[in-house]
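Here is the structure we will look at.
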Amino acid sequence: MQTPTQDLSPELVRLLERIALNDPAALEQLYQRTSSKLFGLALRILEKQEWAEDVLQESFVNIWRHAGDYRAGLASPMTWLSVIVRNRSLDYLRRHAAERIHTAVDLETLLETAPEGELADHLKLDAPGPAELVSASQDAQALARCMKTLENRQRQAISLAYLKDYSHTELSATLGVPLGTVKSWIRRGLDKLRTCLEGVA
Amino acid sequence: MNLHRHRELLDKLAAEYALGTLRGGARRRLETLAANDATIRRRLQFWQHRIDGLAEVQTEHLPSPELWQRITRELGWPAAQTAPSAHTAVHVQPAWPQRVWQAIGFWRLTALSATAIAVAAVMLTFRLTETIRTTPVIHSVAVLSDKQSQPAMLVTFDERTRTLTIKQMGQFAPGDNQTFELWGLPSGANPKSLGVLGRDRVLRVHLAEAINQLPALAISLEPQGGSPNPNGPSGPVMFSGPILNTAL
């Protein structure tokens, strides 16, 4: 089944072109179209409303200054914007390294104590549903479909590695499993993704 | 090892590279290999684009309504000209002269430090050349900054000789077998290669087109000899910045 999607790409590309020419109205329109999506991403990584808002502010200032760097042939505009927000969020986490250790402990406690459903909800590790896919680029949608073919544990490890920039060691601590297990979840998960993505492409 | 013959291994490494779990020496070795090998670069790019899709499919959340104001304040835009809420459906676009004014206001504020450096450098250039008959006529300067907005390259354009001079300000150099390439960024067209920076800290380029055809410049990291793609950088953009007209 196809999810209802609206391909925002052409519109976002035009907005980025106008932003590169210093058109403030274009930045505002881009904000209206993408801020809730990008804020959701920042919130997912940072888990704190206040931090996520700081990062979204930094990101939009950055987008205003660097819109001219966007190359339509290389990535969809939504991917480009998401990567900016992800990288800024991770920078922010590094700057607040002390708090990050705190978050990791929280996750660990949560894994031990929380009921299954709640945990999945907290970590948002399940495959994205139709609502998340609206306005995602074609490539991201293909990836999301392939992520669904993975086992929960594999998907969880891969999501955490990317969104939190966790190393194998950090993943092993957070998920409470041996290092070797984490490595094999990631390796097998990525293998499956490759097979699936090549089938899509 | 020849990664071409081990396509599966290359894919495994590239996927973990994109995911971020390939770290330390292994990560650096793969980067070194990729710098000299287009096949490896393409595979890294393939995986990076795919994995980056993970960032896109998260649940939406509305940020607080004040956030848009915070952004416009940081950009130094006049408060009265921004819409009250980021989520209002109707948007009245400011009149053209206002937009231009906003853009000028923006550059005045955000490029303050960059402009100060640029102006100081132009004044210095003038002083040094006062005694020489062929005083350059410089109405255009640019400061190319890195992603952290740290100024890295100073660019001046001499109208008389149509020479673009790029001067490196920091202590940095591309790795072995790598080089910096200078690009002009015309609006609505592909980037135009203006030359490759050698080991010298200064590069001079004769410009065929009018400087106002190139609103901005960028420098990318490329394999030796420059980008294999004539229409744009193949490596990451390291520094970029707009060309500022000092004859306002």
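Read the figures in this text as sums done on the coordinates, not as results from a lab. On a predicted model such as this, the values are computed, not experimentally measured, just so you know. Cβ: placed from backbone, ideal geometry, glycine included. Neighbour counts: every protein chain shown.
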Average partner chain C-beta neighbours within 10 Å, per residue of A:53-64? 4
Please go through segment B:171-248 and write out the chymotrypsin sites (Phe, Trp or Tyr not before Pro) that DSSP classes as loop and that have at most 12 other C-beta atoms within 10 Å. B:F172
Rounded to the nearest 0.05, FRET efficiency between B:E8 and B:Q150 (Cβ-Cβ, R0 60 Å) equals 0.90
For B:Q224, project a label point 7 Å along Cα to C-beta. Then give me every residue of segment B:7-47 with its amide nitrogen under 12 Å of that point. B:36
A 31 angstrom limit on the alpha carbon distance is what I want to check against. Which of A:K48/B:K192; A:K192/B:K147; A:K37/A:K192; A:K164/A:K192 exceed it? A:K48/B:K192; A:K192/B:K147
Taking a ≥ b ≥ c as the square roots of the Cα gyration tensor eigenvalues, with a/c under 1.5 meaning rounded and otherwise prolate when a/b beats b/c, else oblate, which class fits segment A:1-66? oblate
Counting only DSSP loop positions in segment B:174-248, the trypsin sites (Lys or Arg not before Pro) whose Cβ has at most 11 other Cβ atoms within 10 Å are B:R199
How large is ³J(HN,Hα) for each residue in segment A:61-77, as worked out from phi by the Karplus curve 6.51 cos²θ - 1.76 cosθ + 1.60 (θ = phi - 60°), to whole Hz, x for Gly and Pro? 5, 5, 5, 4, 7, 10, 4, x, 7, 5, 10, 4, x, 8, 8, 5, x
Long-range amide H partners of B:A152 with built H, under 5 Å: B:L144, B:S145, B:D146
Tell me, what HN-Hα J-couplings in whole Hz come from the Karplus equation 6.51 cos²θ - 1.76 cosθ + 1.60 at θ = phi - 60° for each residue of segment A:78-89, using x for Gly and Pro? 5, 5, 4, 5, 5, 5, 4, 5, 4, 5, 5, 5
Cα radius of gyration and Dmax for segment B:169-248 (Å): 12.8, 42
Peptides ranked, highest mean first, by Cβ atoms within 10 Å: ranges B:17-29, A:16-28: A:16-28, B:17-29
The ³J(HN,Hα) series, computed from each phi in segment B:221-229 with the Karplus coefficients 6.51, -1.76 and 1.60 at θ = phi - 60°, rounded to the nearest Hz and given as x for glycine or proline, is 8, 10, x, 3, x, x, 5, x, 8
Two-site label geometry, B:S64 and B:D200: point separation in nm, points 7 Å out along Cα→Cβ: 5.5
For B:I243, enumerate residues with amide H under 5 Å from its amide H, sequence gap 5+ or separate chain, H modeled in the peptide plane. B:A216, B:L217
